[in-house]
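Below you'll find the structure, written out as structure tokens, and then a few comments.
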Amino acid sequence: MTSLHINKLVIIGVGLIGGSFALALKKAKAVKHVVGVGRTHKNLSTALRLGVIDEASRDAAQAVRDADMILIGTPVGQMAGVMQAIAPHLGDKTIITDGGSTKQDVIVCARKYLGKHFPRFVPAHPMAGTENSGAAAAFAGLYRGRKVILVPQRETSARAVARVRAAWMTCGANVVRLQAREHDEILAAVSHLPHVAAFSLMSTLAKRKDAKRILGFSAGGLRDTVRISGSSPEMWRDIFLANRKALLMDVDKYINEIKYLRSSLKAGDGDALQALFEHARVARERWLVRARRG
């Protein structure tokens, strides 16, 4: 049980992020009624069948009436349209938050479209996910022990921040705060760049004439490396474009590292290759030790 109580929660975009948020709050008995808003009948029907939501709607403007809290869980490229559609229908106490992987662009949209409701918008980003998408991918334990980043602005209501913080903590998450620019720069490096690597590697192999044959010989190394290339193309297109300035800087650094590896390989410089690999191995071990310590 929890002291948090949400009478009506609206999830706009009932996928892995929004669906898992709803399921976790349901499991904790923190929410009475969940309305899911989506574009496709199939996904909404799945969400109803699995108990992710209690009611389905294709009309965001109608669904948000009398809502206590709204989570916008759509790809970031759709959030401007969502905010513009719901703003005239928001209650004076409705709290709005999001689950987008970029924050500067989302905040700009919220300032523009939410108007007088902007102080009750709490930008957020749950640092959790899988390569799967849609309502069927949602599960109540997704956020347990994971970080959720809040990026409140100077106008943001303290009550709204407290309610959103309580909701994520009820989901089992560890809540931290960052500035929007800091968030986007960090995520470009630790989340967006790994997707660049995974998508690029899988695409490179798939374009080979003998792709079917060579992939038949692949084992755990390839599966582990390209697992996240199974993520939603639409979602990651929007993330890359929204955070392109920060991401391009990290892509350039990554390209330079690949160029150094290539030149060492071409020169037959085993010492240089081993030094690079050893540096990466040690860095990974130190990172994992720090992660285990929390």
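Values in this text are rule-based calculations from the coordinates and carry no lab data. Quick caveat, the model's predicted, so the values are computed rather than measured. Note that each Cβ is placed from the backbone with ideal geometry, even for glycine, and that neighbours are counted across all protein chains shown.
Data table
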read-out	value
Peptide ranges 31-44, 242-255, 261-274 listed from the most packed, as the mean C-beta count within 10 angstrom indicates	31-44, 242-255, 261-274
Per-pair calculated FRET efficiency, R0 = 45 Å: residue 89 and residue 278 via Cβ, rounded to 0.05	0.20
Residue-averaged 222 nm ellipticity for the chain, from DSSP H runs of 4+ at -39500 (n - 2.57), nearest 500	-15500 deg cm²/dmol
Measure of compaction for the chain (Cα Rg per 2.2 N^0.38 Å)	1.10
Dimensionless Rg/Rh of the stretch 1-86 - Kirkwood Rh, Rg from C-alpha atoms	0.94
Full-stretch length increase - residue 255, residue 217 - with 0.36 nm per residue and alpha-carbon distance subtracted	11.0 nm
Percent of beta bridges antiparallel (DSSP, the stretch 6-178, rounded to nearest 5)	10
Per-residue Cβ neighbour rank within 10 angstrom, fewest leading, 287, 236, 168	287, 236, 168
Proximal lysines to residue 207, defined as alpha-carbon separation beneath 22 angstrom and excluding residues fewer than eight positions away on the same chain	259
Projected-area average for the stretch 6-178 over all orientations - Cα convex hull basis, square nanometres	8.3
Projected label distance in nm at residue 190 and residue 66, using a 7 Å step from Cα toward the beta-carbon	4.2
Top of 139, 277, 21 by mean-square fluctuation, Gaussian network on the chain, Cα under 10 Å	277
Centre separation in Å (Cα based) which lies between the stretch 67-101 and the stretch 219-260	28
Over the stretch 182-293, relative contact order from alpha-carbon pairs under 8 Å, at least 6 apart, %	32
Of 29/116; 42/112; 27/147, those spanning more than 27 Å from alpha-carbon to alpha-carbon	29/116; 42/112
Computed over the stretch 182-293, Cα set: Rg, Dmax in Å	16.1, 46
Percent RCO, i.e. relative contact order, over the chain, from Cα pairs under 8 Å lying at least 6 residues apart	17
Within the chain, percent of DSSP bridges classed antiparallel, to nearest 5	10
Segments 202-213, 172-183, 52-63, 9-20 sorted - mean Cβ within 10 Å per residue, highest first	9-20, 52-63, 172-183, 202-213
Tail weight of P(r) past 20 Å, computed on alpha-carbon pairs of the stretch 81-145, percent	39
The stretch 1-146: relative contact order as a whole-number percent, Cα under 8 Å and 6+ apart	29
Sorted by Cβ density within 10 Å, fewest first, the residues 109, 171	109, 171
